[in-house]
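The values are calculated or read from the model by the stated rules, or taken from the named source; none is laboratory data. Because the structure is a prediction, the values reported are computed rather than measured. Heads up, the Cβs are rebuilt from the backbone with ideal geometry, glycines too, and the neighbour counts pull from every protein chain shown. Remember, those area values only see protein heavy atoms, side chains included, never the ligands or the DNA or RNA. Shrake-Rupley method; radii C 1.70, N 1.55, O 1.52, S 1.80 Å.
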Amino acid sequence: MMAPENLDASLITDVNVKEYFRDSVTTALSNQKVDAGEDTVYYIVNLLAYFTQADKLFSYSAEGVTLQPLALIYAEAVEAASVEERHQILRRLGDVALLISGLFSSSLNRKLVDIDYYIAMGGTAYGYLCDLNRGTLRGRAFCAIFGELAEKFQSFVDVLSEVGERTPMNSCTDIMRLYEIWLRTGSKRAADKLRKLGIEPAQGSISHRHN
């Protein structure tokens with residue numbers, strides 16, 4: 001299995017949340033009868049943990065909370081000044097497409113584009129990433145992950161959909177939001193709810209914000 005130091009440090013978040021998502025993803029993979037490499041599972045779990053912070057996914061402005069359209073992310077990738085920059089943008093494109101189509105698919109009913117668009121864009125982005133990472137030994141390890149994500153994108157969407165549906169709360173995003181509230185405020189109520197879900201908040205990761 002790929003060592004943690006070989007993945008972006010920004011994807012490493014609280015171990016308890018990652019354990020929760022790993023159990024959920026592993027169960028969903030089994031139920032959906034989807035075969036996935038250990039590194040790919042590890043990537044998906046870290047992806048879910050990373051996006052427990054809503055500001056990693058959404059943008060906040062005077063107009064409210066917004067999600068950057070996939071077409072604009074793709075345009076940024078095309079215009080990227082370097083291969084590394086293109087890699088990072090395409091990775092975000094694939095990650096956002098997977099997360100939205102898996103966990104937020106109901107929100108797409110009110111949009112001009114539907115889930116099939118997100119699936120097509122996400123699978124294509126991961127496919128490009130696989131091609132970009134073929135050149136080096138470390139790159140080939142990532143190519144294997146991105147290649148599997150591209151090939152089985154629809155299956156992984158189904159897996160994330162089950163992860164969302166199987167949570168004891170209304171949706172997986174409720175857990176993400178609850179954990180974010182606890183991180184930002186140290187709320188005892190939020191902490192108690194997390195414990196009831198089997199998630200033990202780590203005291204060292206509380207982030208207090210004051211206006």
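Counting only residues at least eight positions apart within a chain, or on another chain, the lysines with an alpha carbon under 30 Å from that of LYS196 are LYS18, LYS33, LYS56, LYS188. Label reach from ALA141 (point 7 Å along Cα→C-beta): in the stretch 28-59, amide nitrogens under 16 Å belong to 37-44, 46.
Tabulate in residue order the Karplus-calculated ³J(HN,Hα) for the stretch 192-200, using 6.51 cos²θ - 1.76 cosθ + 1.60 with θ = phi - 60°, rounded to whole Hz; enter x for Gly and Pro. Karplus values, whole Hz, x for Gly and Pro: 4, 5, 5, 5, 5, 8, x, 10, 9.
Heavy atoms only, 1.4 Å probe, whole protein assembly: order ARG91, ARG195, ARG189, ARG138 by accessible area, highest first. The partial results should precede the final answer.
Values: ARG91 15, ARG195 95, ARG189 160, ARG138 130 Å².
These residues rank, largest area first, as ARG189, ARG138, ARG195, ARG91.
Of the residues ASP131, ASP158, ASP35, the one with the largest accessible area comes first in the ranking ASP35, ASP131, ASP158, computed with a 1.4 Å probe on protein heavy atoms.
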